[in-house]
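Student: Here it is, the structure, as structure tokens.
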Amino acid sequence: MKLTDFIKGRVPVYLVFALTWVLMLIFLSAFHVQTQAAVMISVLLLLGAGIAEAWEYLRKKQFYDKLLLNLNELDQKYLLPEMTGEPGFCEGKILCEVLRETDKSMCEQIGMHRRASAEFREYIELWVHEIKLPVASLQLMCHNDGNAKYAEQLKRIDDYIENVLYYARSRNAEKDYLIKPVPLKRVFTDTAIRNREELQQRGISLSTENLDTEVMTDAKWLGFIFGQLMNNSMKYDADAITVTAEDTPDATVLRFRDNGIGIPESDLPYIFEKSFTGENGRTHSKSTGMGLYIIRQLCEKLGHSITAESVQGEYTEIVITFGKNDLHDVR
């Protein structure tokens, strides 16, 4: 709190005091009070008022400076009322009471929205599990009847359902993850087997290198990430997928590369943003802009970094870095 700001706020008080002082001098002169006595009275009044103003300024400055300091140091600003002590002046007490009531109302609103969000998420997860049963039955019927056309469409529906499920779970990750050493090759092989028919239909070849290593992650989430990357490769006209891993002292770097249509340089910085489809999305109607966004969300929750490199018309490479010897708090 600056002294100039304090003085500006007290200008009306000083004007009233000055007017009162002038009236007092007029009355003292009217009653023929000696000049020396009038001066002494004025000095005493000014001294008392100055001491009172200095005390008022210092205690308000101490309170407001500490309030602003706490505000700047707190990452979670809503905790400010809890960190603010009770001041000794009326305006400060009113401010503290307003902050506490505001904080209480905010907490109640947040709690209400969190409960509504949790209920909706539980409903979505229940719906996903329920809808998967008839979809799985239809897939089995198409497989037995040899109806590849319908089977492909059902596979797309199943993939979209998986997207919904993992997107919902990514918002509440701590309830659905298990980080442990996971063999990269096993997870990739399992994902390839699940997508075997579509990969074969599109004539896409798979090659791997140095996948005989383990990373600290969640196997189920990593399998979903592999599946999404494979779907993107199939969607954007790739005929070869290469997956390699490189061990360093601090991390394992996974590279998922395909030779599809690639990504325009202007779109590359935005491909992990929600619902971004870009130039390729306008030419491929199957694009939703959610796949890479969900992958990034899952990677962030697991503590992995993810980047992309691409040259349009040549290749796209997704790079995921799995850290070693560190713990990540999934929230």
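Student: Helix 184-194 versus the longest principal axis of the chain: what is the Cα-based angle in degrees, 0 to 90, to the nearest 10?
Tutor: That helix lies at roughly 60 degrees to the long axis.
Student: Any chance you could run the full-extension gain for LEU71 through ASP145? It's 0.36 nm times the residue separation minus the Cα-Cα distance, nm to one decimal.
Tutor: Working: separation 74, 0.36 × 74 = 26.64 nm, distance 6.68 nm.
Once the chain is fully extended between LEU71 and ASP145, it gains 20.0 nm.
Student: Which entry in (1) 71, 22, 19; (2) 37, 22, 17; (3) 66, 26, 15 is this structure's computed semi-axes √(5λ) of the Cα gyration tensor in Å?
Tutor: (1)
Student: Pairs of alpha-carbon atoms within less than 8 angstrom and 6+ residues apart define the contacts here; what relative contact order does the stretch 3-106 have, in percent?
Tutor: Reported relative contact order: 18 percent.
Student: Moving to a separate point now. Relative contact order (percent) for the chain, with alpha-carbon contacts under 8 angstrom and 6 or more residues of separation?
Tutor: After rounding, I find 11 percent.
Student: For the chain, set up a Gaussian network in which alpha carbons nearer than 10 Å are linked by springs, and say which option among THR84, THR242, THR277 fluctuates the most.
Tutor: THR84
Student: Give the Kirkwood hydrodynamic radius (Å, one decimal) of the stretch 177-323, defined as one over the mean of 1/r across all pairs of different Cα atoms.
Tutor: When all Cα pairs of the stretch 177-323 are included, the Kirkwood radius is 15.4 Å.
Student: Using only Cα atoms and rounding to the nearest 10 degrees, what angle (0 to 90) does helix 219-235 make with the longest principal axis of the chain?
Tutor: Compared with the principal axis, the helix lies near 70 degrees.
Student: Largest first and in whole Å, what are the equivalent-ellipsoid semi-axes of the stretch 3-106 based on the Cα gyration tensor, each being the root of 5 times an eigenvalue? Display every interim value, and only then the final one.
Tutor: Numbers: eigenvalues 365, 32, 20 Å².
That gives 43, 13, 10 Å for the three semi-axes.
Student: Turning to a different aspect of this structure: Scattering from the C-alpha atoms of the stretch 136-262 alone, worked out with Debye: what is log10 I(q)/I(0) at q = 0.12, 0.14, 0.19 1/Å?
Tutor: -0.52, -0.71, -1.18
Student: Sticking with this structure for a sec: Could you tell me how far the Cα centroid of the stretch 235-283 sits from the Cα centroid of the stretch 177-192, in Å?
Tutor: Distance between centres, Cα-based: 20 Å.
Student: Report the extension gain between THR283 and ILE7 in nm, rounded to one decimal, defined as 0.36 nm multiplied by the number of residues separating them, less their alpha carbon distance.
Tutor: 92.8 nm
Student: Is it possible to state the helix-based mean residue ellipticity at 222 nm for the chain, with each DSSP H run of 4+ residues giving -39500 (n - 2.57), the sum divided by total residues, to the nearest 500 deg cm²/dmol? What is it?
Tutor: Rounded to the nearest 500, it is -21000 deg cm²/dmol.
Student: In terms of the Cα gyration tensor, with a ≥ b ≥ c the square roots of its eigenvalues, is the stretch 85-148 rounded because a/c is under 1.5, prolate because a/b exceeds b/c, or oblate?
Tutor: prolate
Student: Which lysines does LYS93 reach when only Cα atoms under 24 Å apart count, and residues fewer than 8 places away in its own chain are ignored?
Tutor: LYS2, LYS8, LYS60, LYS61, LYS66, LYS77, LYS104
Student: Under a GNM of the chain (C-alpha, springs under 10 Å), which listed residue has the highest mean-square fluctuation: GLY281, GLY262, GLY88?
Tutor: Result for the chain, Cα springs under 10 Å: GLY88 fluctuates most.
Student: Moving on to the next point. Which order results if ASP103, ASP247, ASP218, ASP145 are arranged by neighbouring Cβ count within 10 Å, fewest first?
Tutor: ASP145, ASP247, ASP103, ASP218
Read-outs: derived from the displayed coordinates by stated rules, not from any lab. Source: prediction; values computed, not measured. No Cβ is skipped: glycine too gets one built from the backbone with ideal geometry, and neighbour counts run over all protein chains shown.
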